[in-house]
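Remarks on the structure that follows.
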Amino acid sequence: MTTTTISHYRQQRPAPHAVPDGERVFGLPLENGPLAPATARHQARPVLAAWGLTEDQIYDTLLIISELVTNAVTHALPPVVLHLHATADHSSRVQVHVSDGGPQKAPDTWAATRPADEHGRGGMIITALADQAGADLDTDGLIDHWADLGAA
């Protein structure tokens, strides 16, 4: 059975795409603002629990979601969209993707006014928790930042 969950939050729903049998996906367009990380965590938690992840796996996944979404709303242009993908084999592997519109020319956000010691740890957190992480340019010209978390 294929489980596709798309939740929309004040923005248009993303276009549906083919999902292999048994795969589980979740998509969530986010406002490009300081509430986006909390919204992403709040919406993703019950989905991850329904997919059978342990509390430790959920915690790690939510932390990566928070870091990727924070980076997107701090440094990139809209749109910001969270996508989660779990494999069909129920191995508890989860892929977190956060797409954004690419770098802002001159960041004018609340984060730009924060002291330097409050920045720069997100990449280390993602590297420590994820099996793999990276960024790709997708076919729509959006930048897709991703992390792959394996079974605990």
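Each reported figure results from applying straightforward, stated rules to the coordinates on display, with no laboratory input. Just so it is clear, the structure is predicted and the values come from calculations on it, not from any experiment.
Structure above, values below:
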| read-out | value |
| --- | --- |
| Under-5 Å amide H pairs with Asn32, H placed in peptide plane, nonlocal only | none |
| Theoretical gain in end-to-end length, His42 to Thr127 [0.36 nm per residue, Cα-Cα removed] | 28.3 nm |
